[in-house]
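One structure below.
The values are calculated or read from the model by the stated rules, or taken from the named source; none is laboratory data. Computed from a predicted structure; not experimentally measured. Virtual Cβ from ideal backbone geometry, glycine too; neighbours counted across all protein chains shown.
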Amino acid sequence: MIKKYFLFLFLSFLISNQSIGQLITEDKNLPKIGEKVNLSSPYHTTLTFFFNLEESHFEPTKAGKTLDVSGMKNPDAEKLAVQLKQVFEGKGVIIRTSEIPNDQNYRDSTSGAELIYYFDKKNLPGIFLEKEGNEWKFSSFSVSQIEELHSETYPYGTAKLLNILPKIGTQEYFGLQLWQLVGIFILILLVFLAHWIFTVAVDNVLLYSFKRFGYGKLGENYLLPVARVTSFYLIVLLLSIMIRVLQLPTEIWSWVLVIFRTLKPFLITLIFYKLVNVLAAYFARLATKTESTLDDQLVPLLRKTLKAFVVIIGTLFILRDGLNLDIIPFLTGLSIGGVAIALAAQDTIKNFFGSVMIFIDKPFQVGDWITSGDIDGTVEEVGFRSTRIRTFRNSLMYVPNGKIADATLDNHGLRQYRRFYTTLTVTYDTPPQLIEEFVKGLREIVLAHPHTRKDMYHIYFNNLSSYSQDIMFYIFFEVPTWGEELACRHEILVQTVKLANTLGVRFAFPTQTLHMESFPEKKGLVPEYNSDSAFYQNKLGEFMNTALNKKT
């Protein structure tokens, strides 16, 4: 009898993967389980259940007595006991006997101090032991859930393989039975077959379809990476379902289960990480249709933000589902640490919200010329913390977004019209008739230019300065960039000089003139002007017919 007792303890060790030798010394009056069923405590009921379902000591009748089948009609306790053990193995629930209470009146403090014991509330929340009278059994509620849990654990007809595969043979090789080795070989073939099918479907069918409809670049650069990762996820999902049928030893299966639980959230995270590129490409395409260039800069920032968010959320799921870690304390620590970080990084947070306000209000866009205090240059890039501005000295200025959000900006890039103001000075000896025709010619130049504002310009003879007669030249260009404005200025000024040369207008500049008496045999230095206004009108007409008409 003592040998049976130690055999029972040894098998318990294999089940729990943890030594229970301490129980031998503490409780020498344990019942002899080899002779009768012991249901006096959660500990004894658990050992009775698993011990009598071991292959070397397979007595499902005794194991079935640990189930409370009082609420069922025509129950098959033996079948339900076998199915429940398969559920434990398929879910990867490891029973550690050192953690099972050996108290006959054990109460679960998390369930209102009831006489119940849960094995694994996370993976098997509906399976628990309950004391009825003097016996601990799997509760009637748990028994009613066994068939549903079994179908959930072994879906798509894989439960039938549990009865078919063992018929191949139970000879042991390398610590595994023959049917398990055959099952592993079949799984490897299925993996290669599934990989080949997904490769053909993704690389050939999907990519061919996109190329046929003119989206070959989109499919190859964005959707193809997503499809490939998805195919790997489906293979892992298939393996996680099929490998449960092999009923691997607990020591091996526990590690395999951890690998699958880690791979699933990891691959899902990778899928969403790749999908961010697809979403960013879609938004980039929308941004190209708008006139603003700020949304073009927003797309890379949005892509980086979404990727960081996906990585953080994916890491939390890997820690929770894959490594079975409690992330609540971790999140609590983040919230407390976040307050400290926020206090220590006030400027960084201010700059971040400043960048948010820039993207919402859009006070400028990439390529705009802005000025504000020491800021003077063209916007090149808007980041999370700072805005990069290219000065006219070709240096780079990094301005914190918080400062820009609070500053008064003068955005020259958002001007609808670009003003050009100058004063044309002509000499005092220019007759009024010539000035009148010169002003008319300047107005005609403005009206003939394709990029000048026709409803708002001022060209008048408006001042007599110390050395010249001044003509105000005040016009507007309807161009988007400073470079185009300079080109228009060039064209207008060239036409102005040509007009002056045609009419004989001389531009004044600060000089000192010495007047000498004219001698009969020599002409004076002062030019002679025609006093007839019709003469200058003809000159203006010739200029308009040649210079302006030739250009248009």
Do any helices (runs of 4 or more DSSP H) lying entirely in segment 52-155 carry at least 2 residues that are out of contact with any Leu (no Cβ under 8 Å at 6 or more places or on another chain) and loosely packed, with under 14 Cβ neighbours inside 10 Å, and which ones are they? 140-153
So how many residues does segment 34-51 have that are part of a helix (DSSP H, G or I) and closer than 22 Å to Asn105 by Cα? 9
Six or more apart or on different chains, Cβ atoms under 9 Å: show the pairs whose first residue is in segment 187-205 and in a helix (DSSP H, G or I) and whose second is surrounded by 11 or more Cβ atoms within 10 Å (Cβ to Cβ) and among the basic types (Lys, Arg). Phe198/Arg228; Thr199/Arg228; Val202/Arg228; Asp203/Arg228
What are the pairs with Cβ atoms under 7 angstrom where one residue, in segment 73-100, is assigned by TED's automatic domain parsing to the domain that holds Leu47 and without any contact (Cβ under 8 Å) to a residue 24 or more places away in the chain and the other, located anywhere, is of a type in the set (S, T, N, Q) and assigned to a helix (DSSP H, G or I)? Sequence gap at least six, or different chains. Glu78/Thr61
Among residues of segment 412-433 being more than 24 Å from Gly367 (Cβ to Cβ) and hydrophobic (A, V, I, L, M, F, W, C), the residue surrounded by the fewest Cβ atoms within 10 Å (Cβ to Cβ) is Val426
In segment 86-116, anything modelled with pLDDT of 80 or more, under 40 Å from the mean Cα position of the chain (by Cα) and of a type outside the set (A, V, I, L, M) is listed as Phe88, Glu89, Gly90, Lys91
Name every residue in segment 353-388 that is out of contact with any Phe, Trp or Tyr (no Cβ under 8 Å at 6 or more places or on another chain) and without any contact (Cβ under 8 Å) to a residue 40 or more places away in the chain, in order of residue number. Val356, Ile360, Asp361, Ser372, Gly373, Asp374, Ile375, Glu380
Within segment 348-377, restricting attention to residues that are assigned to a helix (DSSP H, G or I) and within 16 Å of Ala287 (Cα to Cα), which residue is farthest from the chain's Cα centre (by Cα)? Ile360
Can you tell me which of Thr315, Thr305 is within 18 Å of Lys264 (Cα to Cα), at pLDDT 70 or above and assigned to a helix (DSSP H, G or I)? Thr315
Specify which of the listed residues (Thr290, Thr262) is exposed (fewer than 14 other Cβ atoms within 10 Å of the Cβ) and either of a type in the set (Ser, Thr, Tyr) or modelled with pLDDT of 80 or more (or both). Thr290
Of the numbered conditions (1) closer than 30 Å to Val497 by Cβ; (2) not in a helix (DSSP H, G or I), Thr387 satisfies every one except a single condition; which is it? (1)
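A quick yes/no check of all residues on (1) of a type in the set (A, V, I, L, M, F, W, C); (2) part of a strand (DSSP E or B); (3) not assigned by TED's automatic domain parsing to the domain that holds Pro432:
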{"site": "Glu444", "(1), (2), (3)": "no, no, no"}
{"site": "Met456", "(1), (2), (3)": "yes, no, no"}
{"site": "Tyr474", "(1), (2), (3)": "no, yes, no"}
{"site": "Val479", "(1), (2), (3)": "yes, no, no"}
{"site": "Arg489", "(1), (2), (3)": "no, no, no"}
{"site": "Val494", "(1), (2), (3)": "yes, no, no"}
{"site": "Lys498", "(1), (2), (3)": "no, no, no"}
{"site": "Asn501", "(1), (2), (3)": "no, no, no"}
